[in-house]
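Here the structure is laid out as C-alpha cells; the discussion comes afterwards.
The values are calculated or read from the model by the stated rules, or taken from the named source; none is laboratory data. All values reported here derive from a predicted model rather than from experimental measurement. Because the Cβ atoms are built from the backbone with ideal geometry, glycine has one as well, and the counts that use them run over all protein chains shown.
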Amino acid sequence: MNSKVTNRIALSLIVLCAGIMAAILLALLGYILVNGVTSISWRFLTSESSTFLAGGGIKDQLWNSFYVLFLTMLLTVPIGVCGGIYLAEYAKPGKLTSFIRSCVEVLASLPSIVVGMFGMLLFVNYFQFRYSVLSGALALTVFNLPVIVRVTEDGFRALSRHQKEGGLALGMTHWHTIKKILLPAAFPSILTGVILSAGRVFGESAALLFTAGLSTPNLDFANWNPASPNSPLNMFRSAETLSVHIWAVNTNGIIPDVQTVANGSAAVLVICVLLFNLLARGVGKWIHQKLSGKA
Amino acid sequence: MIQLETKVANFTKKDITEKPVQIHVDKVNIYYGTNHAVKDISMPIHEKSITALIGPSGCGKSTFIRTINRMNDLIPSARCEGTIEYKGANILNPKIDVVQLRKAIGMVFQQPNPFPKSIRENIQLPLKFAGVRNKKELQEITEDCLKYVGLWDEVKDRLDRSATGLSGGQQQRLCIARALALKPQVILLDEPTSALDPVSSSKIEELLLQLKEDYTVVIVTHNMQQAARIADYTAFFYQGELVEFGFTSDLFNHPEKKSTADYISGRFG
C-alpha cells in the first residue's frame, strides 16, 4: 500500500468519524426539538407547574435553573480563575503543586451523583442549609470549580512565553503582567471553557437531586426581598431546576401530560444552552476586541 | 572573508573615541541545573556604543545577555555567580529591585512580541505602570518614541488598532519604541532581526546606529556581517567561554585566536 492510499484512507476515516459525530448530535437535537417545540408556548414558559393536573408550566423551574447557574458561576469563576493562575504562574514545580493538580483532576472526574451525596452530607445536613438554592449552588461549585481551574491553567499555558517576557522586560511586576497582559490574552480560551462548563451546570441534575431538592415553594415573582420565604431570590428555599424537573416528571410524575411536559422542558433546556452559548460567544468576541484593539 | 575585510576596513581602532565603561562584567558563571552554560566571562560594556555578542548556537551568548537584566530569573534552574557592576551595584545581587533594573536596562527579543493590544496601549501600558499618569505626557512620549523608531508616519492614523496587525519589522520597531519610552540607559537586543526580512532588518540596523548616540546597545547576533556593520565592540563566544573581545575592526581583521578566525571565516557555526 503506498502512502497516497494510506493518506486517503486516513482522511476518509477522519471524515467518517466527524460525520458520525455531527450526525448523532444533529439527530439528538432534532429529535428533542421536533418533539418538544410543539409543547412550548408562552403559557408553558410562564405558568407554574402542576402536581396532578394537565397543562402545567415550567416558570419556576426555569427561573431556578438560571438562579442556581448564576450563583454557581459567581462562586466558581473568581475562585477557579485565581486557582488556575496560581497553578500556571506561581506554583513552583514540586510535590505540593503536583498534589494540588491531582486533587483538581480527581475532583473533575467525580461522578455528579457522588458530588450530590457529598453536598447533602455537608451542606444540607451538616451546615443545615437544608434543600436549598444555596446547597445546590455549593454542590455544583464542587463539581464545576476544577473545570474552571483547568481551563484557566491551560489558557495561560497556551500563551507564548514571549508575552510574559515582554511585560517583565518592560519593568512591570509579575502580577501586573498577569493582570494587564496575560489574563486579557487568555480571556477567550477561559471564556470558552466557562461557557462549556455553564452548559454542563445548567443541565446538571444528579448533583441537585439531594441538594436543591425536588420541589419549589409557590414563588411570588412580585416579591424580590431575598429574605422572604417565597421570594424568587431567597437562597434558603428549595429549588427544583429544569433538568431535575424532567427527571422528576418522567420517574414519578402523576400528571396526565407527562410526555408533553417532559418534551417541552427538554427542548427549552437545549434551546437555553444553545442561546447561552451563542450569546456568550458574541459577548466574548466583543470584550476581546475591546481589550486587544481593532484588528 | 575578503568581503568582510573590505567592509570593515574603513573602520579602524583610531576612528573610535573610546567611551567610558558603563557595565563591568567580572567572572560571571551561569548554570542551568548542572549544565555550566556560561564560563567565567569578564568584559566591559562601553556606554553609547554598540557591543555585539557573536558565536555559534548554544555558545551562551543569549544566556549571558539575558542575565544583564535578570530575565533568567524566570528559569527556575538558572543560577549565576560573579558580578555585573552597573552604577556601583551588582546586578546579580538577589536583593536588587529587578523592576527598577529592567526599566534602566531594557530588552528587545528575537521574536517581535507586541502585546495583543492597541499600538497606543503597547507603549502606554508600561509607562502607566512606571507612574506616568498625565494623558498629555503619555501622548507626547508615545509620539516621540514612535517618531524615533521611524514608525510614526506609518501608524499615526491607526494607534487604536491592534499591534498584532503590523508587519514583523514594524512590530519589532514598536517593541524598541516601547522599551525607549521608559527612558532606559541600556538596551539589550537578543537577535532582533533574525525573524525579519532583509529590508526590515536593515531598517532595524539603521535604527541601532541611531540608538547608540543616546543609549548603550548590546546585541546578540547570528549574523557576523551585521556585527561587522554596526558594532563598535565585538565579543566572540564559543562553548560558554568568551574567546575574544575587542574592537570590531580588530576582531574581524586580525583575530587573535584560531577559533575566532575559523568562525568569522565561516568554517563552523
Select from the stretch A:200-254 the residues that are touching a residue at least 12 places away in the same chain (Cβ under 8 Å) and polar (S, T, N, Q) and list them in ascending order.
A:SER205, A:THR211, A:SER215, A:THR216, A:ASN218, A:ASN230, A:SER231, A:ASN234, A:SER238, A:THR241, A:SER243, A:ASN250
Positions within the stretch A:260-295 being surrounded by fewer than 13 Cβ atoms within 10 Å (Cβ to Cβ) and within 14 Å of chain B (Cβ to nearest Cβ), in sequence order:
A:LYS285, A:GLN289, A:LYS290, A:LYS294, A:ALA295
Out of curiosity, is A:SER65 among the small types (Gly, Ala, Ser) and over 30 Å from A:GLY167 (Cβ atoms)?
yes
Could you say which residue among B:ALA163, B:ALA177, B:ALA104 is touching a strand residue (DSSP E or B) at 6+ places or on another chain (Cβ under 8 Å), crowded, with 21+ Cβ neighbours inside 10 Å and within 12 Å of chain A (Cβ to nearest Cβ)?
B:ALA163
Any hit, the stretch A:73-92, residues being part of a loop (DSSP other than H, G, I, E, B) and over 16 Å from A:ALA262 (Cβ atoms)
yes
Given (1) within 28 Å of B:THR83 (Cβ to Cβ); (2) within 11 Å of another protein chain (Cβ to nearest Cβ); (3) touching a His at 6+ places or on another chain (Cβ under 7 Å), B:PHE129 misses just (1)
Test B:ASP250 against the criterion of being acidic (Asp, Glu), more than 30 Å from B:GLY169 (Cβ to Cβ) and in contact with a Ser or Thr (Cβ under 9 Å, 6 or more places away or on another chain), and give yes or no.
yes
A:SER197 more than 30 Å from A:ALA88 (Cβ to Cβ) and polar (S, T, N, Q):
no
Counting only residues in the stretch A:115-160 that are within 16 Å of A:PHE236 (Cβ to Cβ) and of a type in the set (Gly, Ala, Ser), the one surrounded by the most Cβ atoms within 10 Å (Cβ to Cβ) is identified as A:GLY136
Within the stretch B:64-80, work out how many residues are at pLDDT 90 or above and either surrounded by fewer than 13 Cβ atoms within 10 Å (Cβ to Cβ) or within 14 Å of chain A (Cβ to nearest Cβ) (or both).
7
Over the stretch B:185-202, the set of residues in a helix (DSSP H, G or I) and either within 14 Å of chain A (Cβ to nearest Cβ) or touching a Ser or Thr at 6+ places or on another chain (Cβ under 9 Å) (or both) is B:SER200, B:SER201, B:SER202
Evaluate the following for A:SER243: is it among the hydroxyl-bearing types (Ser, Thr, Tyr), more than 20 Å from the chain's Cα centre (by Cα), over 17 Å from A:PHE123 (Cβ atoms) and surrounded by fewer than 23 Cβ atoms within 10 Å (Cβ to Cβ)?
no
Which one of the conditions (1) in a loop (DSSP other than H, G, I, E, B); (2) closer than 20 Å to A:ARG43 by Cα; (3) out of contact with any Phe, Trp or Tyr (no Cβ under 7 Å at 6 or more places or on another chain) does A:LEU269 fail to meet, given that it meets all the rest?
(1)
Output for Cβ contacts, cut-off 6 Å, separation at least six or different chains, first residue free of Cβ contacts under 8 Å to residues at least 60 places away in the same chain in the stretch A:178-195, second part of a helix (DSSP H, G or I) and surrounded by 20 or more Cβ atoms within 10 Å (Cβ to Cβ), reads A:LYS180/B:LEU125; A:ILE181/A:GLY167; A:ALA186/A:GLY155; A:ALA186/A:PHE156; A:SER189/A:GLY155; A:GLY193/A:VAL151
Of all residues in the stretch A:158-176 being more than 7 Å from every other protein chain (Cβ to nearest Cβ) and over 29 Å from the mean Cα position of the chain (by Cα), which is farthest from B:CYS175 (Cα to Cα)?
A:HIS174
Filtering the stretch B:132-160 for residues that are away from every other protein chain (no Cβ under 12 Å) and part of a helix (DSSP H, G or I) leaves a count of 19
Go through the stretch A:33-51 residue by residue and tally those that are of a type outside the set (Ser, Thr, Tyr) and farther than 15 Å from A:HIS245 by Cβ.
6
With respect to B:PRO112, determine if the residue is modelled with pLDDT of 90 or more and within 18 Å of the chain's Cα centre (by Cα).
yes
Residues of the stretch A:69-100 that turn out to be crowded, with 19+ Cβ neighbours inside 10 Å and hydroxyl-bearing (Ser, Thr, Tyr), as a count
2
What are the residues in the stretch B:187-204 that are of a type in the set (D, E, K, R) and in contact (Cβ under 8 Å) with a residue 40 or more places away in the chain, if any?
B:ASP190, B:GLU191, B:LYS203
When (1) without any contact (Cβ under 8 Å) to a residue 40 or more places away in the chain; (2) not aromatic (Phe, Trp, Tyr); (3) not in a helix (DSSP H, G or I) are applied to B:LEU182, the one that fails is (1)
Suppose we filter the stretch B:107-118 for residues that are within 7 Å of chain A (Cβ to nearest Cβ), over 23 Å from A:GLN289 (Cα atoms) and not aliphatic (A, V, I, L, M); how many remain?
2
Against the condition within 14 Å of another protein chain (Cβ to nearest Cβ), modelled with pLDDT of 90 or more and over 15 Å from A:ALA169 (Cα atoms), how does B:ILE84 come out, does it pass?
no
Going by the structure shown, is A:GLY253 over 19 Å from the mean Cα position of the chain (by Cα), away from every other protein chain (no Cβ under 14 Å) and not β-branched (Val, Ile, Thr)?
yes
